[in-house]
Amino acid sequence: MHRDLGVIDGALLLFGGPYSNLQAMQAVMEIARDLGISGRNMICTGDVVAYAGDPAPTVALVRESGATVVAGNCEKQLAQGALDCGCGFEEGSACDLLSAGWYSVASAQIGPADRAWMAGCPDLVSFRHQGARYAVIHGGVSDIARFIWPSTARTVFEQEWALIEERIGPVDHVIAGHSGLPFIRQLGAGRWINPGVIGMPPHDGAQQTRYGVLDGGEVLIHRLSYDVEAAHAAMLRAGLNQGYHTALRSGYWPSEEVLPAELRASSLARG
Ligand SMILES: [Fe+2]
């Protein structure tokens, strides 16, 4: 499903992965208020619900914000009443075991009205902003849960770009999410912009998460500070003590195996 938002004036707030982290979403709302950005100018790349402790309140706040949300694999799976998050992790892998915990908590909390809202989230969004046309997707077009990293081969970006243009015609820039790492990759056709996620730090050893502000044709990626201790406590209250709760405090993911070898903390530390 494609949704065209027409022309959007003024600065846009771009964010991905609220991940059931209510405190992070509250911090985003404060930033939007401070910058005078309304819901029409807020774009979320999906995965409203995931690892953290407040799935239903986070969905409620995202819906209330008026942000346009591109469906993530988490929305798709919950809308379908599926049994897991749809990342396709191998059975028995760290991600597989960890996601079993949060997905069942989320699935128990999210009611039919929120599932119906998720089912109505578009897979592909487009808009025009200050003379350029942008497309927004979750992971990839070929696979909603495709992990595209800053180090991914250029041909992969080009392949996904071509699939977007096949569906909606030429675009100048692409905004995407899913991988959890913020980055901007300059390609021949334009920029691939991943503004990162607000619900989990980008595996860099610090607690702040990320969001982006698009204005004047440029995207700046900013650090988001929020009440980490409250988010951590909410996870423990929900029984989510399998590993992701430590990531909020330590800034490192418990599931490093999802990252390509060159992006793992152990290899970054070796330089
Ligand atoms: Fe995702």
State which residue is nearest to the chain's Cα centre (by Cα) when the search covers only the range 113-139 and only residues that are surrounded by 21 or more Cβ atoms within 10 Å (Cβ to Cβ) and within 16 Å of the ligand (Cβ to nearest atom). His138
Please go through the range 168-204 and give me each residue that is of a type in the set (Gly, Ala, Ser), in contact (Cβ under 8 Å) with a residue 40 or more places away in the chain and touching a helix residue (DSSP H, G or I) at 6+ places or on another chain (Cβ under 7 Å), ordered by number. Gly199
Within the bounds of the range 31-45, is there any residue that is within 13 Å of the ligand (Cβ to nearest atom) and either in contact with a strand residue (DSSP E or B) (Cβ under 8 Å, 6 or more places away or on another chain) or in contact (Cβ under 8 Å) with a residue 40 or more places away in the chain (or both)? yes
Per the filter on the range 140-156, residues hydrophobic (A, V, I, L, M, F, W, C), within 16 Å of the ligand (Cβ to nearest atom) and more than 11 Å from Asp123 (Cα to Cα) are Ala145, Phe147, Ile148, Trp149
(1) closer than 30 Å to Gly243 by Cβ; (2) crowded, with 18+ Cβ neighbours inside 10 Å all hold for Asp143 apart from (2)
Got at least one residue in the range 150-167 being in contact with a strand residue (DSSP E or B) (Cβ under 7 Å, 6 or more places away or on another chain) and among the polar types (S, T, N, Q)? no
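None of the figures in this text is laboratory data; all of them are computed from the coordinates on show. Treat the numbers as computed from the prediction; the structure is a model and nothing was measured. Glycine gets a Cβ as well: all are built from the backbone with ideal geometry, and neighbour counts include every protein chain shown.
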